[in-house]
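Visitor: Got a structure for you, questions after.
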Amino acid sequence: MKIELGQDDYLLSKNQTQSIYCDFDVVVNAHMLIMGKTGMGKTTFLRRAIQQMRRFSPAPRIHIMDVHGDIDIHGASSVRFSESTEYGLNPFVVSADRHFGGVRKRTQDFIATINGARPIGSRQEAVMRHLITDLYSANGFFADNYKSWVLEDGYARKHPKRYPSMDDACRFAFGKLKQLIIGSDTKSGRALEELNKVTTKLYRISKQHAATGAKADGELTEKAMDLRTDALRFYKDYIENLETGKELEDFIKYESKEVLKSVVERFDNLKASGIFKNQSPPFDPSNPVWHYDITALREDEKRMFVEFRLQELFSAAMEKGPVRREQEGLLRDIMIIDEAHLFFRDDQNNIINTIAKEGRKFGLGLVCASQSPTHFSEDFFSNVATKVVLGVDQMYWDNLVRKMKIEAKLMQYIRPFHVIGVQMSNKGDTRSKFTMVRVPKEQ
Ligand SMILES: Nc1ncnc2c1ncn2[C@@H]1O[C@H](COP(=O)(O)OP(=O)(O)O)[C@@H](O)[C@H]1O
Ligand SMILES: [Mg+2]
């Protein structure tokens, strides 16, 4: 499983030919970093690499995140994502992995991803977390019971079970808001609200009693008695009308209508974004190359799309378990991300960073192309096995030399479209040298 990058340039100058390969059985992971100014051939390089990767055996699935629509690979299974297509992603698919998966993890990832696109306030975040957790419970997935994180379990024998969708989330959130706005549309909720009001009044009167001193105020005492009777009645009503046992909890969790309303709006906007649909994309399962045409999505939507899709792929790979020793080097999925600056965040929990660090164990390779060394996250830069430099603006040379621990003079040997610099970290090597590679002319 290797791709040919070109010829060793130094040896060529001595009339010797030696092909330079990126050998996925030898490098420490299947991640690649491609760096080059605009027009230096990043997309072209990716296309050529994909053509070679698709011939790997056993064939990994290659996922191309195409933001410009210029990585069209002949014969790939291509799906276009936009507001008007009926398929998309489901952000609420739970991984059943006891350690890495689960409802809480999924909820955190969901919030982190939408926060990355547009941050939400901390009160909104708390309400959103409660909403999603309750939505999961309503669908038979319980945060504290890992056995419930699968579709087939005891719960499923009584109720048909499926992952909640974005539509469900919107409906669920709106339902909660409706309950709050009409003073809870359940009798118990209303009784609870009245009880609260009466108790507050009683408290005020008891304070007035204390203030007026020893002399009892007949009128106040009478009023307090009446209120106490009311309170008892409402308390009785409340208990008699409890339906789910969750009323008090809800009352506290979703206390502010304004906050809940803004969360409902956020869900509605997410639903309208054209990323989340109930129908999964109709990729051809027998085709090794899946081309995600996301040109029609807005920039923040592209980011969310890629993050959610990578999370899905990572979860699926974890579900299959770590690649076993006897399959060492097995590649399940390779993700190709051009214009990667759109997707990097220096956040520990960002999925690109997680895959950079953990992906190899689960058979995942991540190939990211962007313009400057500052575009890539620290995690990606320090983990990626293969770095390819196509030509970087001089203002970034110092930065690059420091990050890659190479000699500054080597940068001068890079000649756009002719000679590129490649650094590969192979198993067992303590140092990886920076090799100049003559690339083939574009056909
Ligand atoms: N190795 C190469 N030899 C000759 N021309 C190339 C080579 N690589 C890329 N090009 C040309 O350079 C232009 C920019 O390439 P592209 O891959 O789109 O760059 P980038 O993605 O870095 O902006 C294209 O016209 C492409 O055909
Ligand atoms: Mg490009």
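The values are calculated or read from the model by the stated rules, or taken from the named source; none is laboratory data. Every value quoted in this text rests on a predicted model; they were computed, and no experiment measured them. Cβ sites come from the backbone with ideal geometry, for glycine too, and all protein chains shown count toward neighbours. Quick note on the areas: whole protein, heavy atoms, side chains included, nothing else; ligands and nucleic acids left out. Shrake-Rupley method; radii C 1.70, N 1.55, O 1.52, S 1.80 Å.
Visitor: Could you list, in sequence order, all residues of region 377-396 that are out of contact with any Cys (no Cβ under 7 Å at 6 or more places or on another chain), buried (at least 16 other Cβ atoms within 10 Å of the Cβ) and not hydroxyl-bearing (Ser, Thr, Tyr)? Explain how you work it out, then say what you get.
Guide: Looking only at region 377-396, we keep the residues that are out of contact with any Cys (no Cβ under 7 Å at 6 or more places or on another chain), and these are 377-379, 381-385, 387-396.
Within this subset, residues satisfying the condition of being buried (at least 16 other Cβ atoms within 10 Å of the Cβ) are 377, 379, 381, 383-385, 387-392, 396.
Matches in region 377-396: Asp379, Phe381, Asn383, Val384, Ala385, Lys387, Val388, Val389, Leu390, Gly391, Val392.
Visitor: Please work out which residue is nearest to ligand 2 (Cβ to nearest atom), limiting yourself to region 70-81 and to residues that are part of a loop (DSSP other than H, G, I, E, B) and open to solvent by less than 40 Å² (accessible area, probe 1.4 Å).
Guide: Restricting attention to region 70-81, the residues satisfying the condition of being part of a loop (DSSP other than H, G, I, E, B) are 70-76, 81.
Okay, now just the ones that are also open to solvent by less than 40 Å² (accessible area, probe 1.4 Å), so 71, 73, 76, 81.
Working: Ile71: 8, Ile73: 14, Ala76: 17, Phe81: 19 Å.
My answer is Ile71.
Visitor: Go over the candidates Lys320, Lys261 one by one and state the one that is in contact (Cβ under 8 Å) with a residue 12 or more places away in the chain, open to solvent by 70 Å² or more (accessible area, probe 1.4 Å) and in contact with a Lys or Arg (Cβ under 9 Å, 6 or more places away or on another chain).
Guide: Numbers: Lys261 fails: in contact with a Lys or Arg (Cβ under 9 Å, 6 or more places away or on another chain).
After ruling out the rest, the residue left standing is Lys320.
Visitor: OK, next. Out of (1) hydroxyl-bearing (Ser, Thr, Tyr); (2) in contact (Cβ under 8 Å) with a residue 60 or more places away in the chain; (3) open to solvent by 40 Å² or more (accessible area, probe 1.4 Å), what's the single condition that is false for Ser95?
Guide: (3)
Visitor: Out of region 146-161, which residues are open to solvent by less than 70 Å² (accessible area, probe 1.4 Å) and either under 19 Å from Ser315 (Cβ atoms) or part of a loop (DSSP other than H, G, I, E, B) (or both)?
Guide: As a first pass, look at region 146-161 and keep what is open to solvent by less than 70 Å² (accessible area, probe 1.4 Å): 148-151, 153-156, 161.
Ser148, Trp149, Val150, Leu151, Asp153, Lys161, listed by residue number.
Visitor: Please count how many residues of region 54-68 are in a loop (DSSP other than H, G, I, E, B) and either buried (at least 20 other Cβ atoms within 10 Å of the Cβ) or more than 11 Å from ligand 2 (Cβ to nearest atom) (or both).
Guide: Count: 8.
Visitor: Show the residue pairs that are 6+ apart or on different chains and have beta-carbon atoms under 6 Å apart, the first residue being within region 36-59 and in the same structural domain as Val388 (by TED's automatic domain parsing) and farther than 17 Å from Val289 by Cβ, the second being open to solvent by less than 70 Å² (accessible area, probe 1.4 Å) and in a loop (DSSP other than H, G, I, E, B).
Guide: Going by the 6 Å Cβ cut-off, the qualifying pairs are Lys37/Gln371; Lys37/Asp393; Met40/Pro416.
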